[in-house]
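Just so you know, all these numbers are worked out from the coordinates, no wet-lab data involved. Predicted, not measured: the structure shown is a model, and the values here were computed from it. All Cβ positions, glycine included, derive from the backbone under ideal geometry; neighbour counts span all protein chains shown.
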Amino acid sequence: MCNNTLDTVRHLCYNGIVKKYTHILSRPPKTERGDTLAISDARRRANDKWNAKAYDEIKVRVYKGKKDEIKTYADTQGESVNGFINRAIDETIERDKGGGA
């Protein structure tokens, strides 16, 4: 049985039900007060190793103030900034493929 949202997502992911937005599993757990728990150096190294193997990184520059606007919008959509940006990229590529030039 899943005790919280994170357990539910883990359960769904491990059973092959959810493939999208699994990046939330790497967020550090929080206490009941909402404080982020510290992770060990070994866990941080393991996360860094996985991230280097599984992801490419792109640095995006936006005008001052735009970052807060993006974060606020992503929050209203229930997404992280990274999730929102990835969705925007995917949807734009899909739209442009269908539009034909």
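Given a Förster distance of 22 Å, report the FRET efficiency between ASP68 and ILE89 from their Cβ-Cβ distance, rounded to the nearest 0.05. It comes out at approximately 0.60. When you filter the chymotrypsin sites (Phe, Trp or Tyr not before Pro) in the range 58-101 for DSSP loop state and at most 11 other Cβ atoms inside 10 Å of their Cβ, you are left with TYR63.
Net charge of the neighbourhood of VAL60, taken over other residues with C-beta under 11 Å away and scored Lys/Arg +1, Asp/Glu -1, is +3. A crude spin-label estimate for the pair ARG45 and GLU57, with each label 7 Å from Cα along the Cβ direction, gives 1.9 nm. Charging the Cβ of each Asp and Glu at -1 and of each Lys and Arg at +1, and nothing else, the dipole of the range 58-101 about its Cα centre rounds to 300 debye.
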